[in-house]
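The values are calculated or read from the model by the stated rules, or taken from the named source; none is laboratory data. Here the structure is a predicted model, which means the values were calculated and not measured. Heads up: the accessible areas ignore ligands, DNA and RNA and are worked out on the full protein's heavy atoms, side chains in. Shrake-Rupley method; radii C 1.70, N 1.55, O 1.52, S 1.80 Å.
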Amino acid sequence: MLLREIAAYLTDHGVGTYTDSAGGDIYICTMPSEPDELIAIYPTGGPRSDSANAYENPSVQVLVRGGTDTMAAFERATLIYNLLHGFCNQCFVPGGVYVVSCLGEQSQPEWIGRDELNRGEFSMNFVLHVQNKHRRN
């Protein structure tokens, strides 16, 4: 699954920790109230894919929440942006989905404000072009 592969890639690069059990700070399709500092990855659809080939264009949103130190959250989000924007012609994890390209929709993380506990949040959106080995044409 592409979202898990992105989470594993971020873990491998020391940005956070993704795990299926408790103790990590990278989450998929959820943003729990704790810990204060975390990364959440969501699928957001993406533009229409061409039915004539086995490639698709999924998009993802990456949210970064920090504590009260807004700059630390921004720096973490920028690190994620730099790792994902321009990623191309390889897989995030060995044997995973082949990524032709991953491009940020904006040129840096976007400030989306503070949550109800005064924790700063940033958002980034990426559109990918990936090979779908399971689709028949």
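Structure notes:
- Surface composition of the chain: carbon plus sulfur atoms hold 50% of the accessible area, using a 1.4 angstrom probe and ignoring ligands, DNA and RNA.
- Mean Cα-pair separation over length for the chain, i.e. relative contact order, pairs under 8 Å, 6 or more apart, %: 24
- Relative contact order for the stretch 41-111: 20 percent, from Cα pairs under 8 Å spaced at least 6 residues apart, divided by residue count.
- Using the 1.4 Å probe convention, the accessible area of the chain works out to 53 Å² per residue with neighbouring protein chains retained.
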